[in-house]
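Bear in mind these aren't lab numbers, they're just calculated from the coordinates by the rules spelled out. What you see is a predicted model; the values in this text were computed from it and never measured. With ideal geometry, Cβ positions are generated from the backbone for all residues, glycine too; neighbour counts draw on all protein chains shown.
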Amino acid sequence: MKDLLDEIIEKNRYLINKGKVASYIPALGRANPDQIGVCIADMEGNIFAAGDYKQKFTIQSISKTISLMLAIMDNGAEEVFSKVGMEPTGDAFNSIIKLETILPSKPLNPMINAGAIAVASLIKGEDPESKFDRLLALFRKICHNEDLQVNEEVYLSEKSTGNRNRALAYFMKDVGVIHGEVEGILDIYFKQCSIEVDCIDIAKIGLFLANNGVVLETGERVVEEQVAKTIKTFMVTCGMYNASGEFAINVGIPAKSGVGGGIMAAVPRRMGIGVFSPALDEKGNSIAGYGVLKDLSKELDLSFF
Ligand code: DON
C-alpha cells in the first residue's frame, strides 16, 4: 500500500503547477504550494501515509461536517433542517445570491458558507467560547488527538478579512435564519475553519464517518448511525461544492474539501482518506488532492456506484 501511495503522489505532483494557493484569506496565501501528502486509516486500525502527510494545515470547510454533526446532536435534525436546506447548489461556496432569490430565505445546504454559519449559530453553550470549546472537544475525540488547536494567525486573518461571510451572516440575521449576536457566531465559524490538522487527522474523521459514528480506537459511539449517514450524503451531493457532480463520477466517494488544501474522504465500512496539497482549482478544491483521490479510487476500486 505504501508503494502505491508513493507512486500516486509522484504521478499527481505535476498538477500542483496548475492550481493556485487560496489568497483571499491572507494567512493562507503563505502556504508552500509544492506540498502533497496522503494518509489512509482503515477499519483494521492500519495507517498508511506518504508524501507531506505530517504537514499541518487549517481544516477550513472540512470542519463543516463535524459542526453539522454537533448542531444535530444539540437540536435534532428537524430543527437544524428547518434553518438549513438539503439541496446542492451550482454556485460558489461563498455565494450570496440564492439567499435572496429563494423564498423563504434559507441557505441551500450546510456545506456552503452561509449554511455553515447558520449551523454554527445552533451549537449550544453559554457563550461563543464555550460553544467553540465543545466543538473542538468533539474534533479531538473523533481524531483521537488531544493536541488539536486553532491556528491563531489564520483565525485572526479570517476574522479581519471575512467580510463576505460577515455579509452572509448579517443578511441571515435580518431575515430571521439566525438569531443572537452575529460577531459571536462568526467567531465560532472562523475558529472552526482555523483548526490545524494533518492528513492523519482528517483521515481519522473520514474513518469515523466510514464507521458510521463510532471512534475506531475507543469503540465509543459518538453519534447515531443515521446522523453519520446524513453527513456522508451531504459530502456526496455538496462536499466538493459546484464540482460535486463530476467528483461523484470521477471518484465516487463521499468527500469534503477545504481551501487550506485538504480533502477528507470516507469510504463506507472500509477506510478514511486524508489528502493535502494547497494549490486549488477554480472551484476551491485541492487540484492534486483531487487527482490523488481519483487514482486511489481506481486502483483500490473505491467508488460505490
Ligand atoms: O469561510 C471561508 O471562506 C473559509 N474559511 C472556508 C471556505 C472553504 O474551505 C471552501 N472550501 N473549499
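The phi-based Karplus calculation (6.51 cos²θ - 1.76 cosθ + 1.60; θ = phi - 60°) puts the 3J(HN,Hα) values of region 59-71 at 5, 6, 5, 4, 5, 5, 5, 7, 5, 4, 4, 5, 4 Hz, whole numbers, x for Gly and Pro.
Taking amide H as placed 1.01 Å from N in the peptide plane, the amide H of L280 sits under 5 Å from that of K20, V21, A22, I287, each at least 5 places away or on another chain. Each Cα pair under 8 Å and six or more residues apart adds its sequence gap; the mean of these over the residue count of region 61-193 is a relative contact order of 30 percent. Size descriptors for region 61-193 (Cα atoms only): Rg and Dmax, in that order, 14.0, 43 Å. Calculated [222 nm] ellipticity per residue, helices only, for the chain: -14000 deg cm²/dmol; basis is -39500 (n - 2.57) per DSSP H run with n ≥ 4, divided by all residues, nearest 500. From the alpha carbon centroid of region 190-236 to that of region 152-174 is 25 Å.
Here the 3J(HN,Hα) profile of region 278-289, calculated from phi with Karplus coefficients 6.51, -1.76 and 1.60 at θ = phi - 60°, is x, 6, 10, 7, 5, 9, x, 9, 4, 6, 6, x Hz, Gly and Pro shown as x.
With a cut-off of 10 Å between beta carbons, the residues surrounding V177 carry a summed charge of +2, where Lys and Arg count +1 and Asp and Glu -1. Reported to the nearest whole Å, the Cα centre-to-centre distance from region 8-41 to region 106-131 is 28.
Count Lys and Arg as plus one, Asp and Glu as minus one, and take only other residues whose Cβ is under 11 Å from that of V236; the net charge is then +3. Applying a 4.7 Å Cβ-Cβ cutoff to the chain, the cysteines left without a disulfide-compatible partner are C143, C193, C238. Per the Kirkwood formula applied to alpha carbons, the chain shows a radius of gyration over Rh ratio, Rg over Rh, of 0.94.
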